[in-house]
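The values are calculated or read from the model by the stated rules, or taken from the named source; none is laboratory data. Since the structure is predicted, the reported quantities are computational estimates derived from the model, not experimental observations. Heads up, the Cβs are rebuilt from the backbone with ideal geometry, glycines too, and the neighbour counts pull from every protein chain shown.
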Amino acid sequence: MRLNIFSCMTIALAAMNIGATTLALRSEEAMQHPALQAGSTIHDSSNVQTGAPHEGAAATREYVLKPWRSLRAHLHNKIIHIPIGFALSGFFLSLIALRWREVEPAVRWLVLVAAIGSLCAYLTGSNQAALLEGGSKDWVIQLHQKLGIATALVLWVWTVTCWVRRLNRWSFLIGGIAVTLLTFTGFFGGVIAHG
Ligand code: HEM
């Protein structure tokens, strides 16, 4: 009886060993499978679409750049640099304009481009948000969306106050509000994208 239990354990261990070896060999075979080799379909830039890095075997493979595809993926994450960059530059320059009024035309153009950029940010953001619906960050997306809309509206009001002479006296105050909203919007956008 004792011998039988010992034999059973030995056989079970041997079976496990054979099983593990077979699995290891199979995965090694799989690594050399043509489907995982360079030029195969897995060798594309689909990680650009999902944002998720390929794991395991694919992670060690050389990245193939598909410029047009990369350009279109995550459009919102690219576009938002326009309102952020132009609005911050516009506000910085409007500080300088308090002393040197000759830079005011530059402020007007910077703020206009920021406002147009915010419209594009709204459109691309709404599009991307639809892909993330139903996740645990839903409330952050909702908040970011509301702040984004508010930012875009205030950027347009800032533009009007910059371009309409009799409203010029309000432009610095409205610019300050726009930049503050932009900062919060950007912060929550970063939370959605990076946690
Ligand atoms: C002026 C308006 C907006 C600004 C400045 C803005 C800014 C940002 C920023 C800075 C990020 C992080 C990007 C990164 O780290 O790569 C982001 C992400 C995001 N924003 Fe916006 N946003 C705006 C409007 C909107 C709107 C209206 C929506 C609609 C819901 C939206 C939806 C999203 C989504 C879903 C992400 C995550 C994208 C991803 O990584 O997959 N945004 N936004």
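Starting from residues that are within 26 Å of His194 (Cα to Cα) and polar (S, T, N, Q), keep the ones in the stretch 144-167 and report whichever is nearest to the chain's Cα centre (by Cα).
Top of the filtered list is Gln145.
Mind telling me which of the residues Leu143, Leu182 ends up being assigned to a helix (DSSP H, G or I), assigned by TED's automatic domain parsing to the domain that holds Ile79 and buried (at least 20 other Cβ atoms within 10 Å of the Cβ)?
Leu182
Which pairs turn up if I take residues in the stretch 76-102 that are closer than 30 Å to Ala130 by Cα and in the same structural domain as Leu119 (by TED's automatic domain parsing) and look for partners that are aromatic (Phe, Trp, Tyr) and within 16 Å of the ligand (Cβ to nearest atom) with beta carbon separation below 9 Å, at least 6 apart in sequence or on another chain?
Qualifying pairs under 9 Å: Ala87/Trp158.
So Ile174 passes all but one of these: (1) farther than 21 Å from His74 by Cβ; (2) surrounded by 17 or more Cβ atoms within 10 Å (Cβ to Cβ); (3) touching a residue at least 24 places away in the same chain (Cβ under 8 Å). Which condition number does it fail?
Among (1) farther than 21 Å from His74 by Cβ; (2) surrounded by 17 or more Cβ atoms within 10 Å (Cβ to Cβ); (3) touching a residue at least 24 places away in the same chain (Cβ under 8 Å), Ile174 violates only (3).
Quick test of your reading of the structure: Val157 fulfils all but one of (1) in a helix (DSSP H, G or I); (2) of a type outside the set (D, E, K, R); (3) exposed (fewer than 15 other Cβ atoms within 10 Å of the Cβ); (4) more than 9 Å from the ligand (Cβ to nearest atom). Name the failing condition by number.
(3)
So which pairs qualify, if the first residue must be in the stretch 116-137 and closer than 14 Å to Lys78 by Cβ, the second must be outside any helix (DSSP H, G or I), the Cβ gap must be under 8 Å, and the two must be at least 6 apart or on different chains?
Note: pairs meeting the criteria are Gly117/Ile80; Ala121/Ile80; Gly125/Ile80; Gln128/His74.
Applying the selection to the stretch 88-140, what residues are of a type in the set (Phe, Trp, Tyr) and surrounded by 17 or more Cβ atoms within 10 Å (Cβ to Cβ)?
Selection gives Phe91, Tyr122.
When you go through (1) away from the ligand (no atom under 13 Å from the Cβ); (2) within 30 Å of the chain's Cα centre (by Cα) one by one for Pro105, which number turns out not to apply?
(2)
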